[in-house]
Amino acid sequence: MEVNGLPENDILELRNESRLNKDQSLEKLINLSYLALNLITFLTTGEDETRAWTIKNGSTAPQAGKAIHSDFEEKFIKAEIIYWEDLIKAGSYKAAKQNGTVRTEGKKYLVKDGDVVEFKI
């Protein structure tokens with residue numbers, strides 16, 4: 001049986017977890033909630049900070065940009081994309097660009113969970 005699209009066993013398991021597993025239970029609850037709400041996370045990064053943004057799964061790059069500011073959707077030109085693990089492996093955004101791991105995508109690109117996006121407006 002499912003509750004809100006989630007397997008009932010997963011929900012019951014959360015109730016039965018001990019307090020020692022509180023952090024794992026919280027992480028599992030968040031992941032199940034994102035799944036039930038059809039949400040994903042993309043990231044932006046710069047010299048000062050890296051930030052996570054929550055959007056609906058299936059959002060295009062301009063729609064994802066709107067999570068940051070409405071101008072990002074309205075004035076969208078392109079987006080530079082790299083998966084977060086590839087960015088970590090490269091060591092820096094600059095190194096990732098130099099080794100060709102960063103790619104340019106247009107208005108129809110569907111942002112994926114874990115993408116690091118630099119919007120060009």
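Points to keep in mind about this one:
- When Ile82 is tested against (1) loosely packed, with under 15 Cβ neighbours inside 10 Å; (2) outside any helix (DSSP H, G or I), just one condition goes unmet, and that condition is (1).
- The set of residues in the range 28-52 that are free of Cβ contacts under 8 Å to residues at least 40 places away in the same chain and crowded, with 17+ Cβ neighbours inside 10 Å contains only Leu32.
- Contact annotation: no residue pair with Cβ atoms under 8 Å, 6 or more positions apart or on different chains, pairs a residue in the range 81-104 that is modelled with pLDDT under 95 with a partner that is among the basic types (Lys, Arg) and outside any helix (DSSP H, G or I).
- Here Glu47 fulfils each of the conditions (1) farther than 22 Å from Gly106 by Cα; (2) part of a helix (DSSP H, G or I) apart from (2).
- Test for Lys107: is it modelled with pLDDT under 90 and of a type in the set (Lys, Arg): no
The values are calculated or read from the model by the stated rules, or taken from the named source; none is laboratory data. If you're wondering where the values come from, they're calculated on a predicted model, not measured in any experiment. So basically every Cβ, Gly included, is an ideal-geometry build from the backbone, and we count neighbours across all protein chains shown.
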